[in-house]
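Asker: Could you have a look at this structure, given as structure tokens, before my questions?
The values are calculated or read from the model by the stated rules, or taken from the named source; none is laboratory data. Note that this is a predicted model, so its numbers are computed, not measured. All Cβ positions, even for glycine, are placed from backbone atoms using ideal geometry, and neighbour counts span all protein chains on display.
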Amino acid sequence: MPLKFRSYRRIVLLAGLLSGASAFGADLLQVYRDALAYDAQYAAARANAVAGREKLPQGLAGLLPTLNASGNTFWNDSRFDTRSSSNGSASYQARYNSNGFGVNLTQPLFRWQNFVQYDQAKLLVMQAEANFAQAGQDLILRVAQAYFDVLFAIENLQAVRINKAAIAQQLAQAKKNFEVGTATITDTYESQSRYDLAQAQEIAAESDLEVKRYALRVLIGKDPGELHRLKPKATITPPQPASMEQWVEAAERDGFLVQAQQAAAEAAAKGVEINRAGHYPTLDVVANYNKSNGPGQLGIGEIDTTNRQIGLQLTIPIYQGGAVNSRTREAVARRDAENAGLDNTRRVSGLSARQAYLGVVNGLAGIRALEAALVSSLGSLESNRLGYEVGVRINIDVLNAENQVYVTRRDLEKARFDTLMSELKLKAAVGALGEPDLERINALLIPPAAP
């Protein structure tokens, strides 16, 4: 009785998870759009992209004029002492307030590092955009993986329950045969052992489904309800073009990670030029306007002073303690590091494309093989059941055949989901993954059957 009660609680819990939250069912495309608005990792990438775009106006600022204004006011307490051979000495004291303000305008004419910094800013914006595009592709992959994980967990649980029901029938038959004396107690023990194992597998499958559902909920911020399932005869197409090397070349050239690292390497090269420009002269147009007022000579009267200046200012760096050379060497090392990172990113992207391409091609072959294996397993199960009834097969043969059907059905579903994921990863490797790819896969899904 306690065991039955616990099983009943698990069934009720799973029913609430699957149907109680099904106020709305979601397909893959809807889940992805929910994740676009909710996922914190993607939101952080979006904010980083916004921050990265600000590099361009910052770089442009170095080419534009700067305008500064200043003002001052002082309270002065002055004493003047005079000495003369004819008049002797005299002292004067003045207490007064003096004021002044000024405006300074500087327009760079030649500052080579500023020109290079503007070019570098463009590259940094390109890097930020490529990283954001990669984050979008990563979101698609994370959503699809979480979605397929839930679907596989559901399929696995169904397969476990079908297997458990079949074993329960076999257990009942073994007990009946033992009671009438046509079988030994060994058949009952074997069936009971397999049934207990199936119960343990059911508990593990229920737990796995709950975890996978929660992982999907973390992405979209709500329970998606009962998800649309993959069609039983869904057709998965092979990759086009059907050449692995073409995909690898495209990944090494067009992948967003490659684009981001390429921009970073070029920006690092600009950094070397910027630091070397510390040795170059600079030429600016400078304009000043200053106005001040204060007392006249010996504190008598008041004088207003206005000063206007405009001209060219040339600065020639001569020696800065070796700092420019040191920063240049540092920039060269960073450029070399970024170039090495670019080489590594290209190799990793090519490897990812190769793995994903093989995942699709071999996955399709595996699906065909498992479909044939499932047909064979079902035929073998029927033959073993019939053989057990007529006495040419023993109970363990039937149990093994039932387990083989369960394993094959589970592996077939996993192969389908893995192949679809490999398709998405292949498109992501070449920087071509987008919402249309989800729409294509979404067409392979069907709503859950009405209760």
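Asker: Residues in the stretch 335-346 that are more than 25 Å from the chain's Cα centre (by Cα) and surrounded by 17 or more Cβ atoms within 10 Å (Cβ to Cβ): how many? Please lay out each step first, then the result.
Answerer: Step one: of the stretch 335-346, the residues more than 25 Å from the chain's Cα centre (by Cα) are 335-336.
This time we only want the ones that are surrounded by 17 or more Cβ atoms within 10 Å (Cβ to Cβ), so: 335.
Qualifying residue count for the region: 1.
Conditions (1) free of Cβ contacts under 8 Å to residues at least 40 places away in the same chain; (2) surrounded by fewer than 18 Cβ atoms within 10 Å (Cβ to Cβ), marked per residue:
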position: S207; (1), (2): yes, yes
position: K231; (1), (2): no, yes
position: P241; (1), (2): yes, yes
position: A265; (1), (2): no, no
position: H279; (1), (2): no, yes
position: V285; (1), (2): no, yes
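Asker: Kindly indicate which of Q117, Q30 is polar (S, T, N, Q) and at pLDDT 95 or above.
Answerer: Values: Q30 fails: at pLDDT 95 or above.
None of the others qualify; the one that does is Q117.
Asker: Of all residues in the stretch 170-191, which are free of Cβ contacts under 8 Å to residues at least 12 places away in the same chain and not in a helix (DSSP H, G or I)?
Answerer: Passing the criteria: G181, T182, T184.
Asker: Okay, moving on. Conditions first: (1) farther than 17 Å from R334 by Cα; (2) assigned to a helix (DSSP H, G or I). A269 passes all but one, so which condition is the exception?
Answerer: Among (1) farther than 17 Å from R334 by Cα; (2) assigned to a helix (DSSP H, G or I), the lone unmet condition for A269 is (1).
Asker: Identify, from the list E206, E226, the residue that is under 21 Å from Y406 (Cβ atoms), in contact with a helix residue (DSSP H, G or I) (Cβ under 7 Å, 6 or more places away or on another chain) and either not aliphatic (A, V, I, L, M) or not assigned by TED's automatic domain parsing to the domain that holds G363 (or both).
Answerer: E206
Asker: Taking the stretch 347-358, which residues are surrounded by fewer than 19 Cβ atoms within 10 Å (Cβ to Cβ) and either not assigned by TED's automatic domain parsing to the domain that holds A265 or not aliphatic (A, V, I, L, M) (or both)?
Answerer: Going residue by residue through the stretch 347-358, those that are surrounded by fewer than 19 Cβ atoms within 10 Å (Cβ to Cβ) are 347-348, 351, 354-355, 358.
Once the filter is applied, which keeps residues that are surrounded by fewer than 19 Cβ atoms within 10 Å (Cβ to Cβ) and either not assigned by TED's automatic domain parsing to the domain that holds A265 or not aliphatic (A, V, I, L, M) (or both), the stretch 347-358 yields R347, R354, Q355.
Asker: Separate question: In the stretch 99-114, is there at least one residue being among the β-branched types (V, I, T), modelled with pLDDT of 95 or more and closer than 30 Å to E439 by Cα?
Answerer: The answer is no; no qualifying residue exists.
Asker: While we're on this one: Just to verify a result, which residue in the stretch 382-418, among those that are aliphatic (A, V, I, L, M) and free of Cβ contacts under 8 Å to residues at least 40 places away in the same chain, is surrounded by the fewest Cβ atoms within 10 Å (Cβ to Cβ)? Spell out the reasoning first.
Answerer: First, the residues of the stretch 382-418 that are aliphatic (A, V, I, L, M): 386, 390, 392, 394, 396, 398-399, 401, 405, 407, 412, 415.
Still in the running and free of Cβ contacts under 8 Å to residues at least 40 places away in the same chain: 386, 390, 392, 401, 407.
Numbers: L386: 12, V390: 7, V392: 11, A401: 23, V407: 15.
It comes out as V390.
Asker: Looking at the stretch 249-263, which of its residues are crowded, with 17+ Cβ neighbours inside 10 Å and outside any loop (DSSP other than H, G, I, E, B)?
Answerer: Of everything in the stretch 249-263, those that are crowded, with 17+ Cβ neighbours inside 10 Å and outside any loop (DSSP other than H, G, I, E, B) turn out to be A250, A251, E252, F256, L257, V258, Q259, A260, Q261, Q262, A263.
Asker: Assigned to a helix (DSSP H, G or I), more than 29 Å from the chain's Cα centre (by Cα), hydrophobic (A, V, I, L, M, F, W, C) and in the same structural domain as Y406 (by TED's automatic domain parsing), is that true of L157? Talk me through it step by step, then tell me what you get.
Answerer: Working: assigned to a helix (DSSP H, G or I): yes; more than 29 Å from the chain's Cα centre (by Cα): yes; hydrophobic (A, V, I, L, M, F, W, C): yes; in the same structural domain as Y406 (by TED's automatic domain parsing): yes.
In short, yes.
Asker: Still on this structure, please answer the following. For the stretch 184-191, does any single residue satisfy the condition of being buried (at least 16 other Cβ atoms within 10 Å of the Cβ) and either within 30 Å of M421 (Cα to Cα) or not hydroxyl-bearing (S, T, Y) (or both)? Give the steps one after another, and end with the answer.
Answerer: Pass one, the stretch 184-191, residues buried (at least 16 other Cβ atoms within 10 Å of the Cβ): 187-188, 190-191.
Then keep just the ones that are either within 30 Å of M421 (Cα to Cα) or not hydroxyl-bearing (S, T, Y) (or both); that gives 187, 190.
Yes; the residues of the stretch 184-191 include at least one that is buried (at least 16 other Cβ atoms within 10 Å of the Cβ) and either within 30 Å of M421 (Cα to Cα) or not hydroxyl-bearing (S, T, Y) (or both).
Asker: Moving to a separate point now. Select from the stretch 383-407 the residues that are of a type in the set (S, T, N, Q), under 28 Å from P232 (Cβ atoms) and touching an Asp or Glu at 6+ places or on another chain (Cβ under 9 Å) and list them in ascending order.
Answerer: The answer is N384, and nothing else.
Asker: Does the stretch 213-231 contain at least one residue that is of a type in the set (D, E), in a helix (DSSP H, G or I) and within 32 Å of the chain's Cα centre (by Cα)?
Answerer: Of the residues in the stretch 213-231, the ones of a type in the set (D, E) are 223, 226.
This time we only want the ones that are in a helix (DSSP H, G or I), so: none.
Checked against the condition, which is being of a type in the set (D, E), in a helix (DSSP H, G or I) and within 32 Å of the chain's Cα centre (by Cα), the stretch 213-231 yields no hits at all.
Asker: While we're on this one: Test of understanding: among Q246, Q259, which residue is of a type in the set (S, T, N, Q) and touching a residue at least 40 places away in the same chain (Cβ under 8 Å)?
Answerer: Exactly one of Q246, Q259 is of a type in the set (S, T, N, Q) and touching a residue at least 40 places away in the same chain (Cβ under 8 Å), namely Q259.
Asker: Right, next: Please find, among S98, S91, the residue that is over 25 Å from A415 (Cα atoms), touching a residue at least 40 places away in the same chain (Cβ under 8 Å) and assigned to a strand (DSSP E or B). Before the answer, list the steps.
Answerer: Working: S91 fails: touching a residue at least 40 places away in the same chain (Cβ under 8 Å).
Within the list S98, S91, the selection yields S98.
Asker: Shifting gears a bit: Whether any residue in the stretch 80-96 is aromatic (F, W, Y) and under 53 Å from the mean Cα position of the chain (by Cα) is what I want to check.
Answerer: Taking every residue of the stretch 80-96 in turn, none turns out to be aromatic (F, W, Y) and under 53 Å from the mean Cα position of the chain (by Cα).
Asker: Checking the conditions here, which among L378, L374 is assigned to a helix (DSSP H, G or I), surrounded by fewer than 19 Cβ atoms within 10 Å (Cβ to Cβ), at negative phi and in contact with a Leu (Cβ under 9 Å, 6 or more places away or on another chain)?
Answerer: L374
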